[in-house]
Amino acid sequence: MKVIRSICILLTACLIIFFSQCSCAGENKSVLFQVSTLNALFEGIYDGEITFQELAHYGDFGIGTFNALDGEMVVLDGNFYQVRVDGEVLPVDPFTKTPFAMVTFFYPDAIIPFDEPADYDRLLFYLDTLLPTENIFYAIKVKGTFSFLKARSVPRQKRPYPPLVQAIAEQSIFEFNNVQGTMVGFFCPVYIQGLNMAGYHFHFISEDTMMGGHVLDCQIDSVHIEISFIHELSLILPKTEDFYRVNLVQDNEKELEKVER
Ligand code: ZN
């Protein structure tokens, strides 16, 4: 048993090295395309100008939200989903707009099976061991069976928009048991703080596309992990008066942690 396990670990390591060398050779040209900044969202800038139809030109995989903070957004395999505050999952209207989103075209550099039961912290710790550096971005897909998954969505806001901490106070929390699906997310380096949140950020969509949301916690049964290494960031900033006037100087790091976990 021990020998088989060692062989598996060795094979996984070889796969990662093989894929990462391919990526260094320039085969993977993944770009992270980001709309606005997380600290702007934090300050209540909930209206953007980019439609989902436009966003689809920049990626087939990603996360985000909607104008007026109308739920959690998940993109998987080019399909855009809206997880509303009542838990209903709808296909995204291509003409609606987003105030904050992160998308990329997903090309895996590493594919790793992870068959042992694990909680969310253990999964994140395991992901840490798979990333060759903390200084680049990664798109991460975790697909399989989850014995438990806790997700949330947020209610549509009305002007004047409250800050994100206040809006999140009205969030709905959903708990799913024995569900098949995919966690769709990103890892951002520490130096990006303000533009985005350092570390991992995952949304979830079930296999039957009936359940989803921003992941708060999970218990994995058996999954496989795909990681795309990203060396390029493209950022588009809102042209709105709200964005021009908002004060983005303050440090929201502690509050951001509260909002995301
Ligand atoms: Zn989220």
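The values are calculated or read from the model by the stated rules, or taken from the named source; none is laboratory data. No experiment lies behind these values; they were computed from the predicted model shown. No Cβ is skipped: glycine too gets one built from the backbone with ideal geometry, and neighbour counts run over all protein chains shown.
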Original post:
Could you say which residue among 223, 215, 190, 184 is modelled with pLDDT of 95 or more and in contact with a His (Cβ under 6 Å, 6 or more places away or on another chain)?
Top reply: 184
Subject >> Per-region count, the range 80-94, residues in contact with a helix residue (DSSP H, G or I) (Cβ under 6 Å, 6 or more places away or on another chain) and within 13 Å of the ligand (Cβ to nearest atom) >> reply: 0
Original post:
Given the structure, is residue 109 buried (at least 19 other Cβ atoms within 10 Å of the Cβ), charged (D, E, K, R) and under 27 Å from residue 37 (Cα atoms)?
Top reply: yes
Original post:
Does residue 231 fit the bill of being within 16 Å of the ligand (Cβ to nearest atom), surrounded by 14 or more Cβ atoms within 10 Å (Cβ to Cβ) and either closer than 29 Å to residue 143 by Cβ or in contact (Cβ under 8 Å) with a residue 24 or more places away in the chain (or both)?
Top reply: no
Original post:
Got a number for residues in the range 189-204 being within 16 Å of the ligand (Cβ to nearest atom), over 19 Å from residue 61 (Cβ atoms) and of a type in the set (Gly, Ala, Ser)?
Top reply: 1
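Results for (1) in contact with a Lys or Arg (Cβ under 6 Å, 6 or more places away or on another chain); (2) within 18 Å of residue 203 (Cα to Cα); (3) without any contact (Cβ under 8 Å) to a residue 40 or more places away in the chain, shown as yes or no for each residue.
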{"site": "88", "(1), (2), (3)": "no, yes, yes"}
{"site": "97", "(1), (2), (3)": "no, no, no"}
{"site": "106", "(1), (2), (3)": "no, yes, no"}
{"site": "115", "(1), (2), (3)": "no, no, no"}
{"site": "140", "(1), (2), (3)": "no, yes, no"}
{"site": "177", "(1), (2), (3)": "no, yes, yes"}
{"site": "182", "(1), (2), (3)": "yes, yes, no"}
{"site": "189", "(1), (2), (3)": "no, no, no"}
Subject >> Top-ranked residue in the range 205-222 [being surrounded by fewer than 22 Cβ atoms within 10 Å (Cβ to Cβ) and more than 18 Å from residue 82 (Cβ to Cβ); ranked as farthest from the ligand (Cβ to nearest atom)] >> reply: 222
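Any idea which residue in the range 47-79 is nearest to residue 215 (Cα to Cα), counting only those that are within 14 Å of the ligand (Cβ to nearest atom), over 13 Å from the mean Cα position of the chain (by Cα) and crowded, with 23+ Cβ neighbours inside 10 Å?
Step by step, filter the range 47-79, then rank; the result is 71.
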Subject >> Residue that is nearest to the ligand (Cβ to nearest atom) [pool: residues in the range 30-46 that are more than 16 Å from residue 186 (Cα to Cα) and not polar (S, T, N, Q)] >> reply: 41
**OP:** Please go through the range 115-169 and pick out each residue that is more than 27 Å from residue 89 (Cα to Cα) and surrounded by 14 or more Cβ atoms within 10 Å (Cβ to Cβ).
**Re:** 122, 126, 127, 130, 131, 132, 134, 136, 137
Subject >> Single condition residue 257 does not satisfy, out of (1) of a type in the set (D, E, K, R); (2) at pLDDT 95 or above; (3) within 16 Å of the ligand (Cβ to nearest atom) >> reply: (2)
